[in-house]
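Below is a structure I'd like to ask you about.
Quick note: the coordinates plus some simple rules give every number you see, no bench work behind them. Note that the structure is a prediction, hence the values are computed from the model and not measured. Here the Cβ positions follow ideal geometry from the backbone for every residue, glycine too, while neighbour counts run over all protein chains shown.
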Amino acid sequence: MPITLYESGEERKTNKEKTSVVTGTVINNCDLIKQGKILVRIPSLDQELWARLTAPGASSGAGLFYVPRPDDEVLVVLSGDEPVDAYIIGGLWNTQDSPPVSNPLEASTKRVIKTGLAGGVGHEVEFDDGPGQSISITTSTQQKIIIDPFKIELRNTAGTLKITLDNKTQTISIAAAASLELAAVGNIKLKAANIEIGDIVKTAKTSINGKMVSIN
C-alpha cells in the first residue's frame, strides 16, 4: 500500500510528513465550488478523492487552466496520511493514450499544445525546431496559420481562402475562390509603380461607379 492509516494519534503525528506518489484515473473534472479540484479514483487505495490540481502560475483568476478529461490517467501526490491532502501534478500517457506527436523521430524537435474533448480532436499549437523552423496554429476544423522562415500563411479548411506573405519574393497575395471585398468608412488607396486590373474571363464586364470619376 502506498499509504498507511494509524489509529494511534501519536503514530499518526510521527508519520504526518510521509508522502506517497500514486497513479489515478479522473472520474469527474467539474468542480462546482471552483477550488480547482478533480475527483480521481486511486486503484491502490480502492477509493475516490478530490485532489487539488497544480498549474503553472496558478493565482487568483490567473494561471494555465488545463483540466484533465474523464478517464485520463494522472499522477497524484498524497501528503501525509490524510487522503484530503492530495495533489494532481500531471497527466500520463500510456498504451491507450498517446502523445500528440505521432512520429517518434520528431519528439526532440517538436513541442505541441493540443486541446480537445475527445482524443485526436481539438485545437493545436505546434512549435517545430526541425528543418522547417515553423510555428503553426490549427483549429479543430483545420483552419490554419503557418509561420516559417519563408512565409506567413493564413488559410481556411478547404484552402479556398488564403492570405500569404512571401519573404522570398516580398509579395503579399490574397486568394478567394468566390469574391474579394474591400470596404472602408474612409478612403481606400492603392499606390504602385504599375497597377493592373483585369478579368479572368475576357468577356466579363468592368464597371466603375462614383459621383466623380477621374482617370489620369
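Out of L45, T19, A177, whose Cα points farthest toward the positive end of the dipole of the chain (charges: +1 Lys, Arg; -1 Asp, Glu; placed on Cβ)?
A177
Does segment 104-176 come out rounded, prolate or oblate by the C-alpha gyration tensor, with a ≥ b ≥ c the root eigenvalues, rounded set by a/c under 1.5 and, if not, prolate when a/b is larger than b/c and oblate if not?
Oblate, since a/c reaches 1.5 and b/c is not below a/b.
Enumerate the amide H contacts of S140 below 5 Å, restricted to partners 5 or more residues apart or on another chain; note that Pro and chain-start residues carry no placed amide H.
H123
So, one more: May I ask you to derive the relative contact order of the chain, considering only C-alpha pairs under 8 Å and at least 6 residues apart, and to give it as an integer percent?
Answer for the chain is 10 percent.
State to the nearest 20 debye the size of the charge dipole of the chain about its Cα centre, where the only charges are +1 on K and R beta carbons and -1 on D and E beta carbons.
1400 debye
Turning to a different aspect of this structure: Cα-based count: Lys pairs in segment 104-176 below 18 Å, eight or more positions apart or different chains?
The result is 5.
Looking only at Cα atoms, what is the convex hull volume of the chain per residue, in Å³?
Once divided by residue count, the hull of the chain is 235 Å³.
Of the trypsin sites (Lys or Arg not before Pro) in segment 122-180, which ones lie in a loop per DSSP and count no more than 13 other C-beta atoms within 10 Å?
Sparse-neighbourhood loop trypsin sites (Lys or Arg not before Pro): K168.
Which trypsin sites (Lys or Arg not before Pro) in segment 31-65 pass both tests, a DSSP loop state and at most 14 other beta-carbon atoms within 10 Å?
K34
In deg cm²/dmol and to the nearest 500, what is the mean residue ellipticity at 222 nm of the chain if only DSSP H runs of at least 4 residues count, each as -39500 (n - 2.57), divided by the residue total?
It lands at -500 deg cm²/dmol.
Please arrange W50, W93 by counting, for each residue, the other beta carbons lying within 10 Å of its beta carbon, fewest first.
The most exposed by this proxy come first: W93, W50.
For segment 63-69, just list the computed ³J(HN,Hα) in residue order, Karplus coefficients 6.51, -1.76 and 1.60, θ = phi - 60°, integers in Hz, with x standing in for Gly and Pro.
Taking θ as phi minus 60°, the curve returns x, 7, 9, 9, 8, x, 8 Hz for segment 63-69.
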